[in-house]
Amino acid sequence: MSTNGYYGNYGGTFIPEILYPAFQEINREFEKIQNDTAFWNEYCDILANFSGRPTPLTYADRLTEHFGRAKIYIKREDLNHSGAHKLNNALGQGLLAKRMNKTRVIAETGAGQHGVATAIVAAKLGLRATIYMGREDMERQYANVFWMKRFGAEVVPVEYGSRTLKDAINEALRDWVSSFETTHYLLGTASGAHPFPAMVAYFQSIIGIEAKEQILRLEGRLPNSVYACVGGGSNALGVFQGFLSDAEVELVGVEAGGKGPDSGQHAARIAYGTGKAGVAQGYKTLFLQDEDGQMRDTYSIAAGLDYTGVSPILADLAEQGRVRFEAATDDEVTQALQLVMRKEGMIPALESTHAFAAAFKDVGSTSPSDVILINMSGRGDKDIFNIAEGLKDDEWTAFIERKQKQYEQSR
């Protein structure tokens, strides 16, 4: 990585002049903490005693038996406090914000897990929080909106554009332009202007550090392949960093295939080869864009993968051939979800289930001596409405209709 934050052809800092002081401050403090053992120890301490790390690496014995091929291990980021990997980064940046004497944090969120994590960190560290969320995502993930508000955060709906994650990021940036002296933008994914990709990857690297130590202890060897879903890229980079230097370990990023490559309703920038290099939201990467360079609307059953861009670090790793990219469709995801639930008693988030779906497609070409590792980046409690709709569950529909009637009668 060069000093200006480029990863091969991607990255950089494309920001309005008014934000340069904010980025200079963040760059300066981020450089300091990377060489500060006391800061890392404080970070690890709060992860252990507040978030509950290390998360386990679970041997999926029944899935392994079901396929009769490679041994399958699952990295359990769903067992973090708040239910996802997002708290790793939120806690790290929260500590950084306190170090910079900020009194407020702002954030964007899609699936809502980063919003919940930010609200939790603000409550824990005594900060004010404002969270921007597209109206479409708020409707899909209202349970998370409810919890953000209960933690004391202000949740601001974004009503323009596709009303999803990219629009929430734009609105958060507008806020930051006028508030950066007292406010830290707690960006949730490994995208955006430098140093955010590096910083989010740094705080999420704890996943890969743990996973490598755990698989070596449990199996005495490295896995053949590591799978992770990819929206912006934070959980994937988190787990991949544990194995980047091990050339024999295949790294597989799984994007949202939505309704398929020819549908126009997906968020697969790399796997479908439809992403084009461009500059937006402060950085250069592969975006889904039209012939005029305008960002296309994206679609996924999983709100957290419904983003038009991808981490510049992952775009570069894909270009190098170090990370293989695949896509999983909504149908493949719902099928994989049911299999994981019935075989392992786990509820992976719809985002995470994309990684399972791709691994299940590949497992047929493995042998019993192989080992694969799947990063379960979050749990699916938040997705109950989407899952029930995706499974076309008539009993769930009847339940919702009964509750609606009860509500109307009580007014």
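The values are calculated or read from the model by the stated rules, or taken from the named source; none is laboratory data. Computed from a predicted model, the values in this text were never measured in an experiment. Cβ placement follows ideal geometry from the backbone for every residue including glycine, while neighbour counts extend to all protein chains displayed.
At a glance:
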read-out: Matching option when the condition is at positive phi and either assigned by TED's automatic domain parsing to the domain that holds Gly304 or crowded, with 22+ Cβ neighbours inside 10 Å (or both), among Gly264, Gly242; value: Gly264
read-out: Residues of the stretch 155-170 that turn out to be modelled with pLDDT of 95 or more and out of contact with any helix residue (DSSP H, G or I) (no Cβ under 9 Å at 6 or more places or on another chain), as a count; value: 0
read-out: Residues within the stretch 246-259 that are in a loop (DSSP other than H, G, I, E, B) and either touching a residue at least 60 places away in the same chain (Cβ under 8 Å) or not assigned by TED's automatic domain parsing to the domain that holds Ala327 (or both), tallied; value: 1
read-out: Odd one out for Asp262 among (1) at pLDDT 95 or above; (2) not in a helix (DSSP H, G or I); value: (1)
read-out: Any hit, the stretch 93-104, residues being touching a residue at least 60 places away in the same chain (Cβ under 8 Å), of a type in the set (Val, Ile, Thr) and buried (at least 19 other Cβ atoms within 10 Å of the Cβ); value: no
read-out: Qualifying residue in the stretch 319-339 (condition: part of a loop (DSSP other than H, G, I, E, B), acidic (Asp, Glu) and out of contact with any Ser or Thr (no Cβ under 9 Å at 6 or more places or on another chain)); value: no
read-out: Members of the stretch 279-291 found to be part of a loop (DSSP other than H, G, I, E, B) and either surrounded by 15 or more Cβ atoms within 10 Å (Cβ to Cβ) or modelled with pLDDT of 95 or more (or both), listed by number; value: Gln281, Gly282, Leu288
read-out: Residue in the stretch 265-278 that is of a type in the set (Phe, Trp, Tyr), outside any strand (DSSP E or B) and modelled with pLDDT of 95 or more present; value: yes
read-out: Helices (runs of 4 or more DSSP H) within the stretch 15-85 that include 2 or more residues assigned by TED's automatic domain parsing to the domain that holds Tyr227, modelled with pLDDT of 95 or more and touching a strand residue (DSSP E or B) at 6+ places or on another chain (Cβ under 8 Å); value: 61-67
